[in-house]
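Worksheet: the structure to be examined is printed underneath.
The values are calculated or read from the model by the stated rules, or taken from the named source; none is laboratory data. Keep in mind that what you see is a predicted model, and the values were worked out from it rather than measured. Note: ideal-geometry Cβ built from the backbone for every residue, glycine included; neighbour counts use all protein chains shown. With ligands, DNA and RNA removed, areas are computed over all heavy atoms of the protein, side chains included. Shrake-Rupley method; radii C 1.70, N 1.55, O 1.52, S 1.80 Å.
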Amino acid sequence: MNKYNVKVMNNIRKAVYGICILLSTLLMSSCNNDDYLVDGGISNPYFDGNVMQYLESRPDLFEDLVKVIKLTKWNDILRNEEVTFFAPTDFSINKSVDRLNYYLYNYEGKDQITGLSQVKSEVWEDLIGMYVMEGKYRLNDIAQIDTTAVSTYPGQTNLTYDKSYKMTMGVCYGDANGIKYAGYRQIMYAYQDFGYPLYAYVSSCNIEPHNGIVHVIRLDHYLGFSSSTLYMKALEAGIDYPDKNRMIVGKEDDEEHLLKEKNDE
């Protein structure tokens, strides 16, 4: 059995624990109904260390994320620079890897990956970069957003740390006792370039290491905001198959490589 399939089974056991740790106990589907997890806050938001050390301190949520970050430039940045990190959990990475393997096997006729390092480091670097903002943004620093009244409450749009992506941050205000915007607040983080916004909901916010702010993204998020993003970027960059000493970039390049191998025999 593929080790990622085994890991998914293990993640089912971890899910309840992870959700409890994130203190995500209420449900909502947008600012107005109840399909999404809402942040309950944490009693002590401060962490005695840098952003990377915080992630390393939580292997129950970020073990694979830490492995991926260490393949990229973000390892140094999250240790040394002042940033806000919208942290996707291992559940997001595993969901995306599962989709990658599904597409590879069923649509490309390729072997599934068995290790995160088989995806090129530049792919991980690009995807993680979507979640890193320069400077500190606590919940109270972020503008209000209402997905049903975007012209009035649009949130705020910022470039990511490396200026590669334009992302929207916003705080969604719930209603309480019939009073609009008087209820709970939840951070939303959106990518717009698909032609429509794809939202990620924060389940635990305002975690504060020495050099930044961490907002933990809800468990059902796909890395890159779409179930196919990792697949498309990984296939385009080329996937390493160390056991076969070959790479694939796409169908045409793979066929040419196989033909070369045949001619060399």
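Annotations
- Any hit, segment 208-221, residues being surrounded by 15 or more Cβ atoms within 10 Å (Cβ to Cβ), touching a Lys or Arg at 6+ places or on another chain (Cβ under 7 Å) and at pLDDT 95 or above: yes
- Residues in segment 111-150 that are open to solvent by less than 20 Å² (accessible area, probe 1.4 Å), farther than 18 Å from Gly224 by Cα and of a type outside the set (A, V, I, L, M, F, W, C): Gly115, Gly135, Asp146.
- Out of Asp141, Asp146, Asp126, one residue alone is among the charged types (D, E, K, R) and under 16 Å from Tyr201 (Cα atoms). It is Asp146.
- Boolean, Thr84 is within 19 Å of Thr160 (Cα to Cα), open to solvent by 10 Å² or more (accessible area, probe 1.4 Å) and not in a helix (DSSP H, G or I): no
- Flag if Phe91 is of a type in the set (A, V, I, L, M, F, W, C), farther than 20 Å from Met133 by Cα and surrounded by 16 or more Cβ atoms within 10 Å (Cβ to Cβ): yes
- Test for Pro59: is it at pLDDT 95 or above and open to solvent by 20 Å² or more (accessible area, probe 1.4 Å): yes
- Every condition in (1) touching a Lys or Arg at 6+ places or on another chain (Cβ under 6 Å); (2) over 23 Å from Ala237 (Cα atoms); (3) part of a helix (DSSP H, G or I) holds for Asn140 except the one numbered (1).
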